[in-house]
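Take a look at the structure set out below.
The values are calculated or read from the model by the stated rules, or taken from the named source; none is laboratory data. As the structure is a prediction and not an experimental result, all values here were calculated from the model. Don't worry about glycine lacking a Cβ; one is built from the backbone with ideal geometry, like all the others, and counts go over all protein chains shown. Please note that ligands, DNA and RNA were not included when accessible areas were found on the heavy atoms of the full protein model with its side chains. Shrake-Rupley method; radii C 1.70, N 1.55, O 1.52, S 1.80 Å.
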Amino acid sequence: MTHPVLTEPAAAADPVAKDRDALLALFTTMTRIREFELCGARQLATGKLSGTLHLSSGQEAVAAGVCHLLAGTDHVTSTHRGHGHCLAKGAAPDRMMAELFGAGNGYCKGRSGSMHIADPATGLLGANGIVGGGIPMAVGAALSAQVRGTTQVSVTFFGEGATGEGSLHESLNLAALWRLPVVFVCENNGYAELSPVADVLAADSVAKLAAPFGIPARTVDGNDVVEVVGAAREAVERARAGHGPSLLEYVTYRHDGHYVGDAQSYRTKEERAAWAERDPLLRAAERLRALGFDDETLDAVRADATAEMNAAAEWAAAQVPAPASSLTTDVYGGLS
């Protein structure tokens with residue numbers, strides 16, 4: 001798999017590289033995301049969940065790093081691979097698990113499954129099973145912030161597969177035309193479902209798609225959380241100051257298949273092994289050790305995250321499923 005060339009690193013200049021508390025918080029968020037998905041996969045494997053899951057293991061640095069810079073009132077739209085975005089933006093794992101279990105007290109009353117979780121209270125406007133479906137929503141939220149005169153920023157996460165959708169290009173154009181406070185974040189994991197990125201994207205990088213619209217863009221190492229924060233900080237501050245949109249292409253990799261159970265015949269064991277060595281959690285742990293943290297501290301973070309997610313799954317499994325009679329509740333509005 002060929003990835004685009006990375007631009008100059010931002011890590012050296014970003015203060016998070018030397019901030020012990022911030023870096024530990026980022027590692028904790030990334031670990032919670034990883035453990036949530038591992039726990040969810042176990043529930044599926046044992047038959048406690050039905051359907052499938054789309055895991056983001058390997059991409060945690062992007063969600064954690066970008067959302068680290070956002071306020072609670074800022075808006076995010078996510079993708080079908082959105083557990084990490086939800087958790088990083090502040091969603092509670094027990095209610096997320098309840099949604100996976102189809103429980104009535106999940107975030108969307110048990111109707112969303114894993115691909116459509118939303119929590120407006122934390123600024124999460126929704127994950128989306130439609131490729132590129134969340135992009136126009138984020139642009140609309142940015143327009144709303146501009147009209148209301150707030151300093152809110154919108155971030156839309158999407159994969160490189162969305163580059164073939166008109167919604168992305170239309171949204172880039174409108175955001176540039178009206179200088180909207182939105183950050184376009186592409187998680188380029190190299191594969192649009194099962195297809196290598198070279199088979200779905202004519203350009204040699206997603207970042208180059210921003211050029212015709214005059215939008216600043218960068219291609220960044222998405223497996224180094226410090227690099228992620230460094231690039232995102234510039235884009236978020238630009239948007240918040242009223243200077244318009246940016247596009248960030250984070251080069252990353254999903255350790256698992258497109259979905260749980262994917263045979264992954266389209267990529268080699270050697271490729272997967274090489275990317276495993278660049279795991280974002282391992283690289284964050286290396287940075288923490290360089291700042292003086294010991295393995296006991298890091299192991300405690302992992303143990304706490306595992307316990308938290310197991311407890312969330314146990315609680316969710318005990319909740320009452322949404323009844324079939326509620327199928328159309330909240331779907332139709334009444335006539336005034």
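Over the range 212-291, the Kirkwood radius and the radius of gyration, each from Cα atoms, give a ratio Rg/Rh of 1.09. Surface analysis of the range 117-231 yields an accessible area of 36 Å² per residue, using protein heavy atoms and a 1.4 Å probe.
Charged side chains reduced to their Cβ positions (Lys and Arg at +1, Asp and Glu at -1) give the range 238-280 a dipole of some 240 debye around its Cα centre. Kirkwood hydrodynamic radius of the chain, from the reciprocal of the average inverse Cα-Cα distance over all distinct pairs: 20.2 Å. Other residues within the sphere of radius under 9 Å centred on the Cβ of Asp74, judged by their own Cβ, net out at +2 (K and R +1, D and E -1).
Toward the positive end of the charge dipole of the range 20-87, with +1 on the Cβ of Lys and Arg and -1 on the Cβ of Asp and Glu, the farthest Cα among Gly65, Leu38, His80 is that of Leu38. Per residue, the average separation of C-alpha pairs within less than 8 Å and at least 6 apart gives the range 193-336 a relative contact order of 19 percent.
Think of the range 288-332 as a dipole: +1 on every Lys or Arg Cβ, -1 on every Asp or Glu Cβ, centred on the Cα centre; then among Leu327, Ala317, Ala300, Leu327 lies furthest on the positive end. Per q in 0.13, 0.22, 0.24, 0.28 Å⁻¹, report the Debye log10 I(q)/I(0) for the range 65-129, using one uniform scatterer on each alpha carbon and no solvent. For the requested q values the scattering log ratios are -0.28, -0.79, -0.92, -1.20. The local environment of Pro93, defined by Cβ-Cβ distances under 13 Å, has a net charge of -4 under the rule Lys, Arg +1 and Asp, Glu -1. The phi-based Karplus calculation (6.51 cos²θ - 1.76 cosθ + 1.60; θ = phi - 60°) puts the 3J(HN,Hα) values of the range 33-40 at 4, 4, 6, 4, 6, 4, 5, x Hz, whole numbers, x for Gly and Pro.
Taking the dipole about the Cα centre of the range 172-251, with the C-beta of Lys and Arg at +1 and of Asp and Glu at -1, give me whichever of Leu177, Ala207, Ala192 is farthest to the positive side. So the residue furthest toward the plus end is Leu177.
In the range 27-71 the Cα-Cα distances spread across 10 Å bins starting at 0 as 28, 43, 24, 6 percent of all pairs. With Cα atoms defining each centre, the range 53-111 and the range 163-201 are spaced 20 Å apart in the structure.
With θ taken as phi - 60° and the Karplus curve 6.51 cos²θ - 1.76 cosθ + 1.60 applied, the whole-hertz 3J(HN,Hα) list for the range 213-229 is 9, x, 9, x, 8, 9, 10, 10, 5, x, 9, 10, 4, 5, 5, 4, 4 Hz, x standing for glycine and proline. Taking 24 Å as the straight-line reach from the Cα of Lys89, the lysines in range (excluding those fewer than 8 positions away in the same chain) are Lys18, Lys109.
At q = 0.19, 0.21, 0.26 Å⁻¹, what log₁₀ I(q)/I(0) does the range 13-92 have when each alpha carbon counts as one equal point scatterer in the Debye sum? Once normalised to I(0) and log-transformed, intensities are -0.83, -0.96, -1.26. Per residue, the chain reaches -12500 deg cm²/dmol at 222 nm when only DSSP H runs of four or more residues are counted, each adding -39500 (n - 2.57). Under the convention that each Lys and Arg Cβ holds +1 and each Asp and Glu Cβ holds -1, the size of the dipole of the chain around its Cα centre is about 700 debye. Note on the range 176-261: Cα-only Rg and Dmax are 14.1, 45 Å. For the range 280-304, backbone nitrogen atoms closer than 11 Å to the point 7 Å from Arg20 Cα along Cα-to-C-beta are found at 291-294.
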